[in-house]
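Colleague: Dumping the structure here so I can ask a few things about it.
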Amino acid sequence: MKITFDDALERINDQRSIDASDVQSRALQRAVWIAEWHIPGCLSESFSVCLSKKEAIECALMCAESEDGTPRGMKTALRKYGRFDSNSPMFGTCINTVYKTRLGDLL
């Protein structure tokens, strides 16, 4: 029996391995939103798979939150452009993005 869309998302978000051949074909075609951040020149440091753009933006905001709150203008930039560059006291410049893709493209 092949894995459903919901089960596939759960495995991805739990960072468990999953192969596209084990997932239902219609599940592979479904759209998902990715919230991710990374340091310039590096691969993704952190990412989450979300069901909507709004959820992906909220997730990205939570990742960038500090004791001062979220960086000013971040929510608007992510909504309009899908990208926000910020400065982190710990890491320096960080790139936050949200984008839409198919589940099958993640596997």
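The values are calculated or read from the model by the stated rules, or taken from the named source; none is laboratory data. Since we're looking at a predicted model, the values are computed, not measured. When we count neighbours, we look across all protein chains shown, and the Cβ atoms used for this are built from the backbone with ideal geometry, even at glycine.
Colleague: Name the one entry in Ser86, Ser44 that is over 19 Å from Ile3 (Cβ atoms) and surrounded by fewer than 16 Cβ atoms within 10 Å (Cβ to Cβ).
Modeller: Among Ser86, Ser44, only Ser44 is over 19 Å from Ile3 (Cβ atoms) and surrounded by fewer than 16 Cβ atoms within 10 Å (Cβ to Cβ).
Colleague: Please state which of the following conditions Phe47 fails to meet, knowing it meets all the rest: (1) modelled with pLDDT of 95 or more; (2) in contact with an Asp or Glu (Cβ under 6 Å, 6 or more places away or on another chain).
Modeller: The failed condition is (1).
Conditions tested, residue by residue: (1) under 15 Å from Phe5 (Cβ atoms); (2) basic (Lys, Arg); (3) surrounded by 12 or more Cβ atoms within 10 Å (Cβ to Cβ).
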site	(1), (2), (3)
Trp33	yes, no, yes
Ser66	no, no, no
Gly92	no, no, no
Asn96	no, no, yes
Thr101	yes, no, yes
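Colleague: Tell me which of these Asn87 doesn't satisfy, since it passes every other one: (1) over 14 Å from Leu107 (Cα atoms); (2) modelled with pLDDT of 95 or more; (3) touching a Ser or Thr at 6+ places or on another chain (Cβ under 7 Å); (4) among the polar types (S, T, N, Q).
Modeller: So the condition that Asn87 fails would be (2).
Colleague: A further question follows. As an exercise: evaluate Cys63 against (1) farther than 16 Å from Thr93 by Cβ; (2) within 17 Å of the chain's Cα centre (by Cα) and give the number of the one condition it does not meet.
Modeller: With respect to (1) farther than 16 Å from Thr93 by Cβ; (2) within 17 Å of the chain's Cα centre (by Cα), Cys63 is out only on (1).
Colleague: Kindly provide the set of residues from segment 1-31 that are exposed (fewer than 13 other Cβ atoms within 10 Å of the Cβ), closer than 30 Å to Thr93 by Cβ and at pLDDT below 95, ordered by number.
Modeller: Hits for segment 1-31 are Asn13, Asp14, Gln15.
Colleague: Could you please find all residues in segment 90-107 being modelled with pLDDT under 90 and of a type in the set (A, V, I, L, M, F, W, C)?
Modeller: Filtering segment 90-107 for residues modelled with pLDDT under 90 gives 90-94.
Hits for segment 90-107 are Met90, Phe91, Cys94.
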